[in-house]
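One structure below.
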Amino acid sequence: MSQSDSTLPAPRTVLIGRERELATVNAILNHPDTRLLTLTGVGGGGKTHLAREIAREVSSVYPRRTWMVELAAITEPSHVPLTVATALGLRGVSGMSPLAALTAVLRSSPAFLILDNCEHVIDACAALAERLLADCPDLRILATSREPLQIAGERQYRLPTLETPGVEQFASVAEIVQSPAVRLFVARAQDVAPDFRLTPENAFVVARICSDLDGIPLALELAAARVRVLGVEQIQQRLDDSIRLLTGGSRVAPTRQQTLRATLDWSDALLTSEERSVFQRLAVFAGAFSLEAAEAVCASDDIPADSVLDMLTRLVDKSLVVVSVESNMAWYRVLEPVRQYAMGQLAEFGDVAVQRDRHAGFYTTYAERASTALSGPEQDLWLVRLEREQGNLRKALEWTDVQGDGDTELRLATGLVPYWEARGYLAEGERWLRQALDASEASGASSLRVRALRGTGRLAFLHAEVNGSNYDEAEILHTHSLRLAQQIGDEPGIAAALNEMGMVYRLQRDFDRANACLLDALERFRALDDAEGIALVLLNLGTTASVQGD
């Protein structure tokens, strides 16, 4: 039996922007208890490139005993042991199985084995790794996969995407170029356009490209390759359809790495039918979402709500969903290029309108719950939640507007008034409320419409206060709210409108009308036994007296 020395492919490009991750992985591998480490992460995330760099570094520790085995071309799981044995150059193994031959070689002295791209033959790779580690005490294995092997003793490291610049935080080209994602984009752009440079004119556009692509290395490389035929602004404008734009990779690269669609097709092919359904339905989310939201949107007759967590867990394991935990709560996210792929699949095989309706329905109810919670002891918690879900709230508003569902749009926008006020999103909130009021006008008078007019007037009032402009628009809206409340006999609405009008008149220095409105509101709130309303009016009466020098 003969074998080859270490088989390490020569790197063709320099590893860029992975200094922190390389140090972390090396630290894990250097721990005496680490015998199996699996690098997981999204397709096109750079796992193979990082593994090659690690192999180059550890080859000095395992001289002539470091091997890297590429498994992507295997179509039959039973061929995994033979493929590894062949990669090690084992010959003359008559009478021995490939597994027995591997065991004989790998237990003879310390060795380092890299199994690259395990996900499509994950069970066979897990079985092989478990057997080799049991029989070869001085063997260490590094596996790369879109999901973990899930065997005893496995340590996992989820390779993050490259850090992207927060455009609003940077003031100069020098600062933007420090971002790992930007560094990779520029390097690959210069491969096809040697004169390409970051300039004050293009730096922020490049930063937005990197952010829009969520720092996925393959996506950045494919986008950068377009620099030879497009300006960076043209590239950024076309990222709403990144799956179509990001093609044209290396002719000699594996097929799954030549286009973004190909690498995502590879991941999609590994899903069960239930996992695929949930993956497609998650495409309607924009940014972070909670488990509660996923259950509401993804559950159906074929996928019960109580099984969505299991499906979500599997999609996290398969690197199609990213999870983070903040303030003891898990938040999920589908990276934008991956989300666009899932949306394409949903449009082809599912029902986009049904999923968007579910999404809008959930966030409408969510906003109404938040509206109440924001005046209670959990205010800070709900402000954080709503900030994280801002993208979804905007998507829900957009969908209800496109569908002409004015009533739902009005419910959603009205529920968000306390949030918009607390966060200072005054102009945005006022715009959505006016749009919703126009869209729902045919529905006629209602307490909801009274609250919406009051909320619009409130934001207009605050907007005028911030900008130092007049309060005429706020007065018009509150007057309209008051008249509508009087028309339908909405006593809480009448009292609240009078309170708001009292504030407007005070700032217009019309103290007689201010006090008249506030005293009327106080009497009505007391009749309603509304402690919060009473407190607000007393505050405003006190402020009015103070302004008058009393």
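I need the full set of residues from the stretch 24-64 which are of a type in the set (Val, Ile, Thr) and either more than 28 Å from the chain's Cα centre (by Cα) or more than 23 Å from residue 214 (Cα to Cα) (or both), in order please.
Of everything in the stretch 24-64, those that are of a type in the set (Val, Ile, Thr) and either more than 28 Å from the chain's Cα centre (by Cα) or more than 23 Å from residue 214 (Cα to Cα) (or both) turn out to be 28, 34, 54, 58, 61.
For the stretch 342-352, filtering for residues that are touching a residue at least 24 places away in the same chain (Cβ under 8 Å) and surrounded by fewer than 17 Cβ atoms within 10 Å (Cβ to Cβ) leaves 2.
Here residue 324 fulfils each of the conditions (1) among the polar types (S, T, N, Q); (2) assigned to a strand (DSSP E or B); (3) crowded, with 17+ Cβ neighbours inside 10 Å apart from (3).
Looking only at the stretch 351-388, residues that are of a type in the set (Ser, Thr, Tyr), closer than 29 Å to residue 301 by Cβ and touching a Ser or Thr at 6+ places or on another chain (Cβ under 8 Å) come to 1 in all.
Does the stretch 84-104 contain at least one residue that is charged (D, E, K, R) and in a helix (DSSP H, G or I)?
no
Within the stretch 193-203, which residues are closer than 13 Å to residue 174 by Cβ and either part of a loop (DSSP other than H, G, I, E, B) or open to solvent by 30 Å² or more (accessible area, probe 1.4 Å) (or both)?
Selection gives 197, 198, 199, 200.
Residue count for the stretch 534-548, restricted to those that are open to solvent by 30 Å² or more (accessible area, probe 1.4 Å), closer than 21 Å to residue 464 by Cα and under 44 Å from the mean Cα position of the chain (by Cα): 2.
Among the residues of the stretch 363-411, those that are under 18 Å from residue 290 (Cα atoms) and among the hydrophobic types (A, V, I, L, M, F, W, C) comprise 367, 370, 373, 381, 382, 383, 384, 386, 393, 396. Against the conditions (1) touching a Phe, Trp or Tyr at 6+ places or on another chain (Cβ under 6 Å); (2) closer than 17 Å to residue 352 by Cβ, residue 288 satisfies every one except (2). Out of all the residues in the stretch 91-98, is one or more hydrophobic (A, V, I, L, M, F, W, C) and either open to solvent by less than 40 Å² (accessible area, probe 1.4 Å) or on the phi > 0 side of the Ramachandran plot (or both)? No, because not a single residue in the stretch 91-98 is hydrophobic (A, V, I, L, M, F, W, C) and either open to solvent by less than 40 Å² (accessible area, probe 1.4 Å) or on the phi > 0 side of the Ramachandran plot (or both). Beta carbons closer than 8 Å, at least 6 apart along the sequence or on distinct chains, pair a first residue in the stretch 313-336 that is at positive phi with a second that is modelled with pLDDT under 95 and open to solvent by 60 Å² or more (accessible area, probe 1.4 Å) for 327/381; 327/384. When you check residue 177 against the structure, is it open to solvent by 20 Å² or more (accessible area, probe 1.4 Å), β-branched (Val, Ile, Thr) and in contact with a Leu (Cβ under 9 Å, 6 or more places away or on another chain), yes or no? Judged against the criteria, residue 177 is a match. Listed by position, the helices (runs of 4 or more DSSP H) inside the stretch 363-429 whose residues that are within 20 Å of residue 481 (Cα to Cα), among the polar types (S, T, N, Q) and open to solvent by 10 Å² or more (accessible area, probe 1.4 Å) number at least 1 are 406-415. Entry remark, the stretch 445-466: residues being part of a helix (DSSP H, G or I), among the hydroxyl-bearing types (Ser, Thr, Tyr) and surrounded by fewer than 18 Cβ atoms within 10 Å (Cβ to Cβ) number 1 in total. Among the residues making up the stretch 498-533, those that are exposed (fewer than 15 other Cβ atoms within 10 Å of the Cβ), part of a helix (DSSP H, G or I) and among the acidic types (Asp, Glu) are 512, 523, 532.
The values are calculated or read from the model by the stated rules, or taken from the named source; none is laboratory data. All values derive from a computational prediction rather than experimental measurement. Here the Cβ is made from the backbone with ideal geometry for all residues, glycine too, and neighbour counts use every protein chain on show. The area values use the complete protein model at the heavy-atom level, side chains included, leaving out ligands, DNA and RNA. Shrake-Rupley method; radii C 1.70, N 1.55, O 1.52, S 1.80 Å.
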